[in-house]
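Below is one structure, written out as structure tokens; comments come after it.
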Amino acid sequence: MSHSTPSPSICDLLIVGGGINGAAIARDAAGRGLSVTLIEQHDLAQHTSSASTKLIHGGLRYLEYYEFRLVREALIERETLLAIAPHIIWPLEFVLPHARHLRPAWMIRMGLFLYDHLARRKSLPASRGISFATHPAGAVLRPEFRRGFTYADCWVEDSRLVVLNALDAAERGAVIHTRCALQAARPEGGLWHAQTEAGPITARALVNATGPWVSEVLGARLGRNASAHARLIKGSHIVTRRLYKGENAFILQNPDGRIVFVIPYERDFSLIGTTDVPFSGDPAGVAISAEETGYLCESVNRYFRASISPDDVVWSYAGVRPLFDDQAADAKAVTRDYVLDLTHDGATPPLLSVFGGKITTSRKLAEHALEKLLPVLGRPVCASWTGGAPLPGGDFTDFSGYFAEFQKRFPTLEPRLARRLVRAYGTRAERFAGAGMGRDLGGGITEAEATYLANHEWGRTAEDILWRRSRMGLHVPAGTAERLTAFLKEIPATI
Ligand SMILES: Cc1cc2nc3c(=O)[nH]c(=O)nc-3n(C[C@H](O)[C@H](O)[C@H](O)COP(=O)(O)OP(=O)(O)OC[C@H]3O[C@@H](n4cnc5c(N)ncnc54)[C@H](O)[C@@H]3O)c2cc1C
């Protein structure tokens, strides 16, 4: 339940859903002067937006489905997001081994040419052909793989991107309530009257950004027949101990036409994913199956010298893609582009539903949402601003330069801890780093950090902190969750 009660006054926008799309719309709208309330039934990013492959990418694979609009928008976003969040987003080199019996080399070369040229690159390098006789990735791959390609995309700390969007929105006036579900909403007198777990909220427009719940919210909570539908596709990942030393990721082609990524993860681990499995049921209960685990292990074993089995899996997660249903026959072929469905007629105040979308395109999705919402709210469509304003803590240009400066300012911090704090919080780490950080509650999470998370980032439980504000859950010693839970009970949350 939220700690504060929604104000009885009328807000411009009630946004339902605290995943990346709801948070990005809240940020954009608050920065354009709208009064915004966002409600999230669980924690921010608790569902799809913390279960992604964590790539800010154009989506090389989508070129095969002629998704040029989406790929171009996503390619441009790589550089934009890298510039506004250099702490939580960084470039990543991908190695694509050429498997002769799968896609021919000319086809891959053509795809990479398009990838290089569909949008202007400022900082990311162009793709190139490589020989595994000389490239270090050759030591990881089975000897039959002789040649391949490299190209660049970016890594993102997905759940932190959501929280930073929400934090920026809040700092620009938005009200954010976590653990506050929309129970029902009805139109009356040109306004939306919503019942929520924290009380009634009245709004001029309602945004349904509930991801896998978008159709359920439309039907069961708003009593509407949707013209657009979501297609729910599960995707799962496994995490193993680090499989190789290099900093590059691999993109592996499978005989079924799908691709699987192997990515260095949290310094000591490798992240392997993902799958595409049609899903029905409660999205909150999604979990990886033994079949998916086997499929992901096999993908690695087809290419790597070292083989893995389900016994090597130390952690796994699964999420549900809320894709726009374009009636494609095959799960991997369903469009990854987004659709914004606006209803506004005499009987219904503005209602915008979000279908599909990527973490990568969330900022652009929010811009397009505002372009639709501002006119129906009687507001001028003012210039978009989110691409030029750093997200909280991202007000520096060069990570290494800022990290060196941070270390000079806080010389007593152990370098590994200092690096983790700057990666997670950027310049915001200065607000609590240094002397007097209090007890270490486990794995270097101090009382000062936990207090910051509780008071500024809606960190209410140990799980919020260990698995979404950070991925420290993978690293901390036994007893940390219990100590965090006890500590969070001691401090009154101020937001
Ligand atoms: C396996 C997988 C891999 C992916 N990899 C990538 C990738 O590498 N790069 C990329 O760009 N994209 C990727 N994506 C896509 C991306 O993760 C999703 O498009 C995005 O996270 C969807 O965000 P969302 O805000 O729409 O949904 P969600 O994150 O699910 O948020 C919706 C929120 O609405 C809340 N909600 C639901 N009902 C209610 C209610 N009644 N009241 C209040 N709140 C409610 C839910 O609790 C939830 O938190 C991947 C997706 C998956 C599944």
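The values are calculated or read from the model by the stated rules, or taken from the named source; none is laboratory data. Treat the numbers as computed from the prediction; the structure is a model and nothing was measured. With ideal geometry, Cβ positions are generated from the backbone for all residues, glycine too; neighbour counts draw on all protein chains shown. Ligands, DNA and RNA are stripped out before the accessible areas are found, and what is left, the full protein with its side chains, is counted by its heavy atoms. Shrake-Rupley method; radii C 1.70, N 1.55, O 1.52, S 1.80 Å.
Would you pull out the residues with amide H under 5 Å of Asp276's amide H, same chain only if 5 or more places away, H placed 1.01 Å from N?
Those lying under 5 Å, H to H, from Asp276: there are none.
Per residue, what accessible area does the chain have, given a 1.4 Å probe and all protein chains present, in Å²?
40
Obtain the radius of gyration and the Kirkwood radius of the range 382-445 from its C-alpha atoms and give Rg over Rh.
1.07
Rounded, prolate or oblate: which fits the range 160-233, taking a ≥ b ≥ c as square roots of the Cα gyration tensor eigenvalues, rounded meaning a/c under 1.5, else prolate when a/b beats b/c?
Oblate, since a/c reaches 1.5 and b/c is not below a/b.
Beyond 36 Å, what share of the Cα-Cα pairs of the chain is found? Please give it as a whole percent.
30
The range 317-440: Rg/Rh from Cα coordinates, Kirkwood Rh?
1.15
Once you have a ≥ b ≥ c as the square roots of the Cα gyration tensor eigenvalues for the range 152-286, tell me rounded if a/c is under 1.5, and otherwise prolate or oblate according to whether a/b is larger than b/c.
prolate
Taking all protein chains in place and a 1.4 Å probe, what share, in percent, of the accessible surface of the chain do carbon and sulfur account for?
C and S atoms contribute 53 percent here.
Please give every one of the lysines within straight-line cross-link reach of Lys54, meaning a C-alpha to C-alpha distance under 29 Å, and leave out same-chain neighbours fewer than 8 residues apart.
Lys122, Lys234, Lys245, Lys332, Lys358, Lys364, Lys372
Given points 7 Å out from each Cα along the Cα-Cβ axis, report the Arg431 to Val376 separation in nanometres with one decimal.
3.4
Can you give the FRET efficiency for Thr485 and Glu197, using 1/(1 + (r/R0)^6), R0 = 30 Å, r = Cβ-Cβ distance, to the nearest 0.05?
Computed FRET efficiency for Thr485 and Glu197 comes out at 0.85.
When every alpha-carbon pair in the range 236-285 is counted, what percent end up more than 18 Å apart?
Everything past 18 Å amounts to 41 percent.
Please list, ordered by chain and number, the residues whose modelled amide H lies under 5 Å from the amide H of Gly19; skip anything fewer than 5 residues away on the same chain.
Long-range HN contacts for Gly19: Ala45.
Once you have the Cα-Cα distance between Phe399 and Ala493, take 0.36 nm times their residue separation minus that, and quote the gain in nm to one decimal.
Using 0.36 nm per residue and subtracting the Cα-Cα distance, I get 30.7 nm.
Determine the distance separating the Cα centre of the range 412-456 from the Cα centre of the range 131-191; give it in Å without decimals.
If we compute the Cα centre of each part, the gap is 23 Å.
Going by a ≥ b ≥ c, the root eigenvalues of the Cα gyration tensor, does the range 3-91 fall in the rounded group (a/c under 1.5), the prolate group (a/b larger than b/c) or the oblate group?
Since a/c reaches 1.5 and a/b is larger than b/c, the shape of the range 3-91 is classed as prolate.
Using 0.36 nm per residue, how much length does the chain from Ala126 to Ala329 gain when fully extended, once their Cα-Cα distance is taken away?
Extending this stretch completely gives an extra 69.7 nm.
Rounded to the nearest 500, what is the chain's calculated 222 nm mean residue ellipticity when only DSSP H runs of at least 4 contribute -39500 (n - 2.57) each, over all residues?
The helix-only estimate for the chain comes to -8000 deg cm²/dmol at 222 nm.
Can you tell me the FRET efficiency between Ile10 and Phe113 if r is taken as the Cβ-Cβ distance and R0 is 51 Å, rounded to the nearest 0.05?
Efficiency, rounded to the nearest 0.05: 0.45.
Have a look at the range 34-180 and give its Rg and Dmax from the Cα atoms, expressed in angstrom.
Here Rg and the maximum Cα pair distance are 18.9, 60 Å.
From the P(r) of the range 250-352, could you give the percentage of C-alpha pairs in the tail past 22 Å?
Roughly 46 percent, once rounded to a whole number.
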